[in-house]
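J.: Next up is a structure, given as structure tokens.
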Amino acid sequence: MGSGSNVTTITNALVFDGSSAELFEGSIVMADGVIKEVGDVAASGRTIDAGGRVVVPGLIDAHFHAYGISLDGFSNERPPLSYSALVGATRLGAALRRGFTTVRDVAGGDIGLANAIDRGVLTSPRYYFTGPALSQTGGHGDPRAADVDLCFDHGHMCEIADGVDELRRAVRERFRTGSHAIKIMTSGGVVSLTDPIRIPQYSAEEITVVTEEATRRGSYVAAHAYSPEAIRHSVLNGVRSIEHGNLLDDQTARLMAEHGSYLVPTLAAYDAMDRRGEQLGLNPISQQKNAEVLAAGKIAIERARAAGVSIGFGSDLMGDLEDDQLVGVRLQVEVLGVLDTLRSMTTVNAELLKNPDLGRLAPGGLADAVILDGNPFDDAAALWDESRERTVITNGRVVR
């Protein structure tokens, strides 16, 4: 075990280990950023008395946008990168204080921000990033309205890449610069202005070259996709992670399960845009698109669960909506219940990120945990009520 100064023990805890439906009483000993012992074990080093409250693994948000500082596409793509990074740092810090000790940034992030986090320059969750998402011309990642006559090829969140050769180069550049995975847009979206939501984007050949390049690097592809047509188009051409998936049907859900694809719902985003979008200047076209997918999100999760699809958790909140992150937890609990939502935010998302050391309170796991104000299995609001105190621990240290 590490030196005493690097050892922390959470005592008097009721532990959810990330998987089991049964809570157990005990202590959690952490040393040098790793969980060493869990259960009826002696305390050592610094102690944190949980007071009989429930301790859960550090939560994982698998659809986060550090550089999503606005509800307007160009306002995300074109400010100085230094400004986007500084605002992104505040968004990351806020997510950490809510209990999200790991995030996956799908459409944005870069090696500079990741290095700053790794070197302790800023307080942040563990940070996985894809770099700018790849979009076809006129696709979800193209921020231009139909009557805007200007060139756009890349920004902080999206890059336009058409054709097999362009996409191959772009994917290789992502991995050269540290990306964890690749994000592509394979259907229309809410915030983009010229693309119908249901129509699949990219050809089969274009998607396949992206997934082949990613697979060869031991990585995977996440695809923004809403409709059954777009989801099938993605999964059949090698995509592993379907983001949103609101219009999923039963047949397509079964196809996802057969291929081992994950669904990452983002219920918070549609709820927030419905309640707050007009006030915050969301384009009327986007408001109309949001209405099309809003009610369908929970139904899609029910269909995915019935088919046996692995269901993660994501927030996808842009601009000032980012403070609704825990609202997404409440919305997912309303569909899946507390246990499966906790699993979505811990072990399922850890499997998606290909890091089994995340999302579990067991020896060898990373020393990330959240002490909740109550037992969510008796009082589910303990998971999302921000007025209630919670203690967040990452790398074995309390987040101040």
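Rule-based calculations on the coordinates, nothing more; no lab input. The shown structure was predicted, so the numbers you read here are calculated from the model rather than taken from an experiment. Note that each Cβ is placed from the backbone with ideal geometry, even for glycine, and that neighbours are counted across all protein chains shown.
J.: Need the list of lysines near residue 183 for cross-linking: C-alpha distance under 20 angstrom, and skip anything on the same chain fewer than eight residues off.
T.: Cross-link targets: 354.
J.: For a test of the definition: using alpha carbon positions, the gyration tensor, and the 1.5 limit on a/c, classify region 291-348 as rounded, prolate or oblate.
T.: oblate
J.: Can you tell which of 247, 193, 308 lies farthest toward the positive end of the dipole of the chain, using +1 and -1 charges on the Cβ of basic and acidic side chains (Lys, Arg; Asp, Glu)?
T.: 308
J.: Mean-square fluctuation check for the chain, GNM, Cα pairs under 10 Å: which of 184, 111, 160 is largest?
T.: In this elastic network of the chain, the residue with the biggest mean-square fluctuation among 184, 111, 160 is 111.
J.: Would you work out which of 113, 269, 65 lies farthest towards the positive end of the dipole of the chain, given +1 charges on the beta-carbon of Lys and Arg and -1 on that of Asp and Glu, about the Cα centre?
T.: 113
J.: Using 1/(1 + (r/R0)^6) with R0 = 22 angstrom and r between the beta carbons of residue 236 and residue 199, what's the FRET efficiency to the nearest 0.05?
T.: Given R0 = 22 Å and the Cβ-Cβ separation, E is 0.85.
J.: OK, next. Taking square-rooted eigenvalues a ≥ b ≥ c of the alpha carbon gyration tensor, is region 59-352 rounded, prolate or oblate, where a/c under 1.5 means rounded and, failing that, a/b exceeding b/c means prolate?
T.: rounded
J.: At a Cα cut-off below 16 Å, give the aspartates and glutamates reachable from residue 36, other chains included and same-chain residues fewer than 8 away excluded.
T.: Partners within reach: 17, 357, 368.
J.: Residues with amide H under 5 Å of residue 101's amide H, sequence separation 5 or more or different chain, H placed in the peptide plane at 1.01 Å from N; which?
T.: HN-HN under 5 Å from residue 101: 59.
J.: In nanometres, what is the gap between the two model label sites at residue 24 and residue 75, each 7 Å from Cα along Cα-to-Cβ?
T.: The two pseudo-label positions are separated by 5.0 nm.
J.: Ok, one more. Quick check: Cα centre of region 1-64 to Cα centre of region 220-264, how many Å?
T.: 35 Å
J.: Please list, in order, the residues from region 83-98 whose amide nitrogen is less than 18 Å from a point placed 7 Å along the Cα→Cβ vector of residue 379.
T.: From region 83-98, the list is empty.
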